[in-house]
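Below is one structure, written out as structure tokens; the observations come after it.
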């Protein structure tokens, strides 16, 4: 087998995993379930990301004479997560600005009613329109949050994965 670089592995598997995640998000969109923040959706997204990282690391190990170091595992896992995060940010931007321009307003409306139900004192008698207007300037934070958390959890997972798949004396 030919040796492959970590960069090639990150790009290939990160792209495929990102496409899989976006396909799942598009499925949720067509089912009109993209506003639901359910635990099962979060678990499926996490499993897809972690599966992509695992498959990338194992493919790299197989292509390189069954050798992989702990550092290479971390590097590949973090790189795959970076590619996934970039794809997710692009999709979220397209969703919120082109596909469904009222997406962020609807998310804020759902957030308002959930907060009103669970923590009514937090709103201090604030009305929906006032809540949306106050929260709208902070919706840009969605994009760096996607980047940070996707890369962070990918790094943590690859850190743990490295202990299990690293080759001894590498």
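A few points about this structure:
- For region 101-151, the set of residues classified as over 30 Å from residue 77 (Cα atoms) and in contact (Cβ under 8 Å) with a residue 24 or more places away in the chain consists of 104, 105, 106, 107, 108, 110, 111, 132, 135, 136, listed by residue number.
- Search result, residues across region 15-38 that are within 14 Å of the chain's Cα centre (by Cα) and modelled with pLDDT under 95: 37
- Hey, residue 23 surrounded by fewer than 16 Cβ atoms within 10 Å (Cβ to Cβ), under 23 Å from residue 86 (Cβ atoms) and either in contact with a helix residue (DSSP H, G or I) (Cβ under 8 Å, 6 or more places away or on another chain) or in contact (Cβ under 8 Å) with a residue 60 or more places away in the chain (or both) or not: no
- Listing of helices (runs of 4 or more DSSP H) fully contained in region 70-151 that carry 3 or more residues being touching a helix residue (DSSP H, G or I) at 6+ places or on another chain (Cβ under 9 Å) and under 19 Å from residue 24 (Cβ atoms): 70-94
- Taking the criterion of being surrounded by 13 or more Cβ atoms within 10 Å (Cβ to Cβ) and under 17 Å from residue 93 (Cα atoms), the residues of region 126-144 that qualify are 139, 142, 143.
- Residue list for region 70-100, restricted to those being over 25 Å from residue 166 (Cβ atoms), touching a residue at least 60 places away in the same chain (Cβ under 8 Å) and under 13 Å from the mean Cα position of the chain (by Cα): 86, 87, 88, 91
The values are calculated or read from the model by the stated rules, or taken from the named source; none is laboratory data. Because the structure is predicted, anything quoted here is derived from the model rather than measured. In this analysis, Cβ positions are derived from the backbone assuming ideal geometry, glycine residues included, and neighbour counts consider all displayed protein chains.
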